[in-house]
Amino acid sequence: MTKNPQKPWAATVLTLFPEAFPGALGASIIGGSEKSGIWQLETVDIRDFSVNRHRTVDSPPAGGGPGMVIKPDIAAKAIDSVAQQSRPLIYLTPRGKPLTQTRVRALSKGPGLIVFCGRFEGLDQRVIDARQMEEISIGDYVLAGGEVAAQVLIEACVRLLPGVLGDAESATEESFEDGLLEYPLYTKPREFEGRAIPEVLLSGDHGKIAKWRREEQIKMTKARRADLWAAFDKGDDHECD
Ligand code: ADE
């Protein structure tokens, strides 16, 4: 891989658990493309900005209730220690706007991301407002913290960077790129545990194959994702959000 002449896409992750990185981001093509200079990953330990010798970063919620809240002064100091370089500042939380392939595509075209990973009950609202953080959720379920969500977000962006995926087609003919789920895939052997590859795929007729795949995409999207199908059917930019 040749060196990237432009400034690489850069992810800075603010976390209480820097040891969770690179995690999945160090493996396979995503890890390899960081080594080759297409993108870079940096972590900032939020605890380094604590002001006491116990390195505490949290405090009980005002008004009562369970758990602890990350203090705004400590979070702000950690955020302000990072050179923003026009990158969006994202706070990962189940309360955020659901992540879509459309947002991923836009983020991958920018200079990179600064991602704040929550833990405990969450982050003081005043720092979210004061630093105009973009709140993003990776789905309607609750993780123990934002670290795995950060890896999901970063991986989704990095695989779209030029030079990361070998086969130019593999990023375009897949779920969400045209607003439908991906068609089913088959490979050798011709028969597996009594199940044959659909005949049409062995016909060599590219027109028929394309038609069959489209029909499968539509069938699957209707059955599994009424929301995506409704948007597609309406011609909503053929998108998923
Ligand atoms: N942190 C905890 N759960 C999360 C989710 N679903 N999305 C983003 N960040 C989270």
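The single condition among (1) over 19 Å from Ala106 (Cβ atoms); (2) at pLDDT below 95 that Glu177 does not satisfy is (1).
Filtered by the rule that a residue be in contact (Cβ under 8 Å) with a residue 12 or more places away in the chain and of a type in the set (Lys, Arg), the range 183-234 gives Arg190, Arg213, Arg214, Arg224, Arg225.
Scanning the range 177-211 for residues that are on the phi > 0 side of the Ramachandran plot and either surrounded by 10 or more Cβ atoms within 10 Å (Cβ to Cβ) or β-branched (Val, Ile, Thr) (or both) yields one hit, Gly179.
For the range 113-132, the criterion of a residue being touching a Phe, Trp or Tyr at 6+ places or on another chain (Cβ under 9 Å) and surrounded by fewer than 17 Cβ atoms within 10 Å (Cβ to Cβ) is satisfied by no position.
Within the range 142-154, identify whether any single residue is within 16 Å of the ligand (Cβ to nearest atom) and exposed (fewer than 12 other Cβ atoms within 10 Å of the Cβ), and answer yes or no.
Of the residues in the range 142-154, the ones within 16 Å of the ligand (Cβ to nearest atom) are 142-154.
Still in the running and exposed (fewer than 12 other Cβ atoms within 10 Å of the Cβ): 142, 144.
Looking through the range 142-154, at least one residue is within 16 Å of the ligand (Cβ to nearest atom) and exposed (fewer than 12 other Cβ atoms within 10 Å of the Cβ).
Of the residues Ile138, Ile154, Ile114, which single one is closer than 22 Å to Pro72 by Cα and touching a residue at least 24 places away in the same chain (Cβ under 8 Å)? That would be Ile114, the only listed residue that is closer than 22 Å to Pro72 by Cα and touching a residue at least 24 places away in the same chain (Cβ under 8 Å). One residue stands out among those in the range 10-48 that are of a type outside the set (Asp, Glu) and touching a Ser or Thr at 6+ places or on another chain (Cβ under 7 Å): the one that is surrounded by the most Cβ atoms within 10 Å (Cβ to Cβ), which is Val13.
Candidates in the range 98-131 are the residues that are over 16 Å from Val152 (Cβ atoms), touching a Leu at 6+ places or on another chain (Cβ under 9 Å) and modelled with pLDDT under 95; of these, the one that is farthest from the ligand (Cβ to nearest atom) is Phe120.
In this structure, Ile79 does not qualify as in the same structural domain as Glu42 (by TED's automatic domain parsing), within 25 Å of Trp39 (Cα to Cα) and within 16 Å of the ligand (Cβ to nearest atom).
The values are calculated or read from the model by the stated rules, or taken from the named source; none is laboratory data. If you're wondering where the values come from, they're calculated on a predicted model, not measured in any experiment. So basically every Cβ, Gly included, is an ideal-geometry build from the backbone, and we count neighbours across all protein chains shown.
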